[in-house]
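**Student:** Let me give you the structure first, and then I'll get to my questions.
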Amino acid sequence: MLGKLYLIPTTLGDTEPLEVMPLSVKKVVEQIDYYIVENEKSARRFIKKISPKKSQPSLQIMLLDKYAEELETRTYLDVCKQGINVGLLSEAGVPAIADPGASIVKMAHQNNIQVVPLVGPSSILMAMMSSGMNGQNFAFNGYLPIDKAERKKAIKDLEKLSKDKGQSQIFIETPYRNEKMFADLKAALTPTTSLCIASDITLSTEYIKTMLVSEWKHQQPDLHKKPAIFIIQK
């Protein structure tokens with residue numbers, strides 16, 4: 001019998017794991033010793049926090065970072081052929097959503113390995129839930145271009161797409177560029193477009209607010225170096 005690939009969520013910041021995810025995550029972590037992770041140090045810290053008694057030396061860590069060779073990652077699920085379960089950990093939130101883990105999930109399906117997603121915090125979905133925008137029809141667009149002209153065009157294109165399809169448009173930015181993104185949104189969007197900003201979701205400093213762009217003109221939320229989700233709807 002093949003082992004399974006468990007998609008294990010992590011916290012979105014320095015919060016107690018069991019405050020934002022079910023006990024089932026703790027139980028799975030306690031049973032698994034093989035993990036595929038982006039960063040070994042933060043992965044071990046999370047595992048220790050959710051299961052303090054788990055033996056750290058027994059953990060087998062396989063890295064899925066920007067230096068990981070494709071030839072090497074192809075072997076990461078080989079242990080499943082021996083009936084051993086493997087856990088895929090994201091750096092923050094749920095694996096494979098705005099996360100490199102999608103390649104491992106794809107490989108699992110190609111090898112008939114059962115994929116088991118576990119419940120945990122997703123900043124994208126939690127922002128959408130709390131935005132008051134169209135939760136029946138929405139799209140996640142990842143990062144917008146860095147170039148100013150290209151970014152302005154992308155913002156206008158998403159606004160038009162939202163109007164034409166009645167679709168909420170979600171995107172993210174590198175935390176240290178959040179304030180620049182906010183300024184560009186206020187400059188490029190029409191005054192009657194709705195804009196939601198959701199930052200530090202699940203943390204004590206959580207901030208979620210939806211207003212018209214015209215109402216945002218004189219607002220300046222503290223977004224510097226904070227993980228944030230932006231959603232627009234025309």
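The values are calculated or read from the model by the stated rules, or taken from the named source; none is laboratory data. Predicted, not measured: the structure shown is a model, and the values here were computed from it. Backbone-built Cβ (ideal geometry, glycine too); neighbour counts: all protein chains shown. For accessibility, only protein heavy atoms count, side chains too; no ligands or nucleic acids. Shrake-Rupley method; radii C 1.70, N 1.55, O 1.52, S 1.80 Å.
Conditions (1) in a strand (DSSP E or B); (2) surrounded by 14 or more Cβ atoms within 10 Å (Cβ to Cβ); (3) aromatic (F, W, Y), marked per residue:
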position: P191; (1), (2), (3): no, no, no
position: I197; (1), (2), (3): yes, yes, no
position: K209; (1), (2), (3): yes, yes, no
position: D222; (1), (2), (3): no, no, no
position: F230; (1), (2), (3): yes, yes, yes
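**Student:** Scan the stretch 167-184 for residues that are open to solvent by 30 Å² or more (accessible area, probe 1.4 Å) and in contact (Cβ under 8 Å) with a residue 40 or more places away in the chain and report the count.
**Tutor:** To start, the set of residues in the stretch 167-184 that are open to solvent by 30 Å² or more (accessible area, probe 1.4 Å) comprises 174-177, 179-180, 183.
Still in the running and in contact (Cβ under 8 Å) with a residue 40 or more places away in the chain: 175-176, 179.
Qualifying residue count, the stretch 167-184: 3.
**Student:** Would you tally the residues in the stretch 4-39 being under 26 Å from Y67 (Cβ atoms), in contact with a strand residue (DSSP E or B) (Cβ under 7 Å, 6 or more places away or on another chain) and not in a helix (DSSP H, G or I)?
**Tutor:** Qualifying residue count for the region: 13.
**Student:** Still on this model: For K53, only one of the following conditions fails: (1) more than 23 Å from the chain's Cα centre (by Cα); (2) open to solvent by less than 80 Å² (accessible area, probe 1.4 Å). What is its number?
**Tutor:** (2)
**Student:** What is the number of the single condition among (1) crowded, with 19+ Cβ neighbours inside 10 Å; (2) touching a Lys or Arg at 6+ places or on another chain (Cβ under 8 Å) that A43 does not meet?
**Tutor:** Every condition holds for A43 apart from (2).
**Student:** Further, regarding this structure: Any idea how many residues of the stretch 109-148 are under 14 Å from the mean Cα position of the chain (by Cα), under 16 Å from T210 (Cβ atoms) and open to solvent by less than 30 Å² (accessible area, probe 1.4 Å)?
**Tutor:** The number of residues fulfilling the criteria is 3.
**Student:** Looking for whichever is of a type outside the set (K, R), over 26 Å from N141 (Cβ atoms) and either in contact with a strand residue (DSSP E or B) (Cβ under 9 Å, 6 or more places away or on another chain) or free of Cβ contacts under 8 Å to residues at least 40 places away in the same chain (or both) here; the options are L77, L89. Which one fits? Before you say what the answer is, go through the steps one by one.
**Tutor:** On the way: L89 fails: over 26 Å from N141 (Cβ atoms).
None of the other options fit; the residue is L77.
**Student:** Could you please let me know if K234 is open to solvent by 10 Å² or more (accessible area, probe 1.4 Å), closer than 17 Å to Q169 by Cβ, touching a residue at least 24 places away in the same chain (Cβ under 8 Å) and not hydroxyl-bearing (S, T, Y)?
**Tutor:** Values: open to solvent by 10 Å² or more (accessible area, probe 1.4 Å): yes; closer than 17 Å to Q169 by Cβ: yes; touching a residue at least 24 places away in the same chain (Cβ under 8 Å): yes; not hydroxyl-bearing (S, T, Y): yes.
Here the answer is yes, as K234 does meet what is asked.
**Student:** Yes or no: the stretch 59-69 includes at least one residue that is over 28 Å from K49 (Cα atoms), open to solvent by 20 Å² or more (accessible area, probe 1.4 Å) and either β-branched (V, I, T) or over 16 Å from the mean Cα position of the chain (by Cα) (or both). Reasoning before the result, please.
**Tutor:** Filtering the stretch 59-69 down to residues over 28 Å from K49 (Cα atoms) leaves 69.
Adding the requirement that they be open to solvent by 20 Å² or more (accessible area, probe 1.4 Å) leaves 69.
Applying the additional criterion that residues be either β-branched (V, I, T) or over 16 Å from the mean Cα position of the chain (by Cα) (or both) yields 69.
Checked the stretch 59-69: at least one residue is over 28 Å from K49 (Cα atoms), open to solvent by 20 Å² or more (accessible area, probe 1.4 Å) and either β-branched (V, I, T) or over 16 Å from the mean Cα position of the chain (by Cα) (or both).
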